1. Looking at the range 31-50, which of the residues that are of a type in the set (D, E, K, R) and either crowded, with 18+ Cβ neighbours inside 10 Å or in contact with a Lys or Arg (Cβ under 9 Å, 6 or more places away or on another chain) (or both) is farthest from Y9 (Cα to Cα)?
2. Only one residue in K118, K127, K132 is closer than 30 Å to V47 by Cβ and modelled with pLDDT under 95, so which one is that?
3. Is there a residue being more than 23 Å from the chain's Cα centre (by Cα), of a type in the set (A, V, I, L, M, F, W, C) and not in a helix (DSSP H, G or I) anywhere in the range 71-82?
4. Condition first: surrounded by 13 or more Cβ atoms within 10 Å (Cβ to Cβ), over 21 Å from the mean Cα position of the chain (by Cα), in a loop (DSSP other than H, G, I, E, B) and on the phi < 0 side of the Ramachandran plot. Can you find one or more residues in the range 84-106 that meet it?
5. Taking the residues in the range 67-83 that are more than 20 Å from I111 (Cα to Cα) and touching a Leu at 6+ places or on another chain (Cβ under 9 Å) as candidates, determine which candidate is surrounded by the fewest Cβ atoms within 10 Å (Cβ to Cβ).
6. All but one of (1) modelled with pLDDT of 95 or more; (2) of a type outside the set (F, W, Y); (3) assigned to a helix (DSSP H, G or I) hold for S30, so report the exception by its number.
7. On the given criteria, is A54 among the hydrophobic types (A, V, I, L, M, F, W, C) and closer than 16 Å to L27 by Cβ?
8. Go through (1) more than 27 Å from K83 (Cβ to Cβ); (2) touching a helix residue (DSSP H, G or I) at 6+ places or on another chain (Cβ under 9 Å); (3) surrounded by fewer than 19 Cβ atoms within 10 Å (Cβ to Cβ) one by one and return the number of the condition R11 breaks.
Amino acid sequence: MQVISTYRYARISAFKAREVTRAIQGLPVSAALDLIAFSSKKAAGLVSKTLKSAVANAENNANLRVSGLVVKEATVGEGPTMKRMMPRARGSGSRILKRSSHIRIVLTDEIEIKTRDKKKEQKRKSKKTSKKRKEEVKSEEKPETTPEKKPEKKAKKKEAPVPEEETV
């Protein structure tokens, strides 16, 4: 079952918040919360708030165990931008854009939690199979094909014309 939590109109640009959400995608909830707790970014606090809300939704509304939850999707979309003006030289003004974003986190219990040990085992298995394939290719004897020798053409020497003697 999937549980969704959304933090709308967060006062941070989507570009800055996406860096944190990319890091937690696919992680178990406990690992994602640990990763966010040690991040020094402003977005980490906002994403943490949203993630905790999603966990609470899963516990209370969907009756799911927290230990089996995985962050299936963590996305940040652009929200409305507030436009402000700042006075500049000679009576002109420059625009200041105060960006906002919408943080959306989807938790699920359907995805199997992969620990580091399982990932290492999968890598080892894939390396072994790739080595076996390489050995099979080497062991297969390919019929040797030698290029056929073409008869060499003898270059004909052109004889230089002999100058004729002039008779006077």
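The values are calculated or read from the model by the stated rules, or taken from the named source; none is laboratory data. Everything numeric here is computed off the predicted structure, so don't read it as measured data. Using ideal geometry, Cβ is built from the backbone for each residue, glycine included, and neighbour counts are taken over all protein chains shown.
1. Among residues in the range 31-50 that are of a type in the set (D, E, K, R) and either crowded, with 18+ Cβ neighbours inside 10 Å or in contact with a Lys or Arg (Cβ under 9 Å, 6 or more places away or on another chain) (or both), the one farthest from Y9 (Cα to Cα) is K41.
2. Values: K127 fails: closer than 30 Å to V47 by Cβ; K132 fails: closer than 30 Å to V47 by Cβ.
Every option except K118 fails the conditions.
3. Checked against the condition, which is being more than 23 Å from the chain's Cα centre (by Cα), of a type in the set (A, V, I, L, M, F, W, C) and not in a helix (DSSP H, G or I), the range 71-82 yields at least one hit.
4. Taking every residue of the range 84-106 in turn, at least one turns out to be surrounded by 13 or more Cβ atoms within 10 Å (Cβ to Cβ), over 21 Å from the mean Cα position of the chain (by Cα), in a loop (DSSP other than H, G, I, E, B) and on the phi < 0 side of the Ramachandran plot.
5. Filtering the range 67-83 for residues that are more than 20 Å from I111 (Cα to Cα) and touching a Leu at 6+ places or on another chain (Cβ under 9 Å), the one surrounded by the fewest Cβ atoms within 10 Å (Cβ to Cβ) comes out as K83.
6. That leaves (1) as the condition not met.
7. yes
8. Here R11 clears every test but (1).
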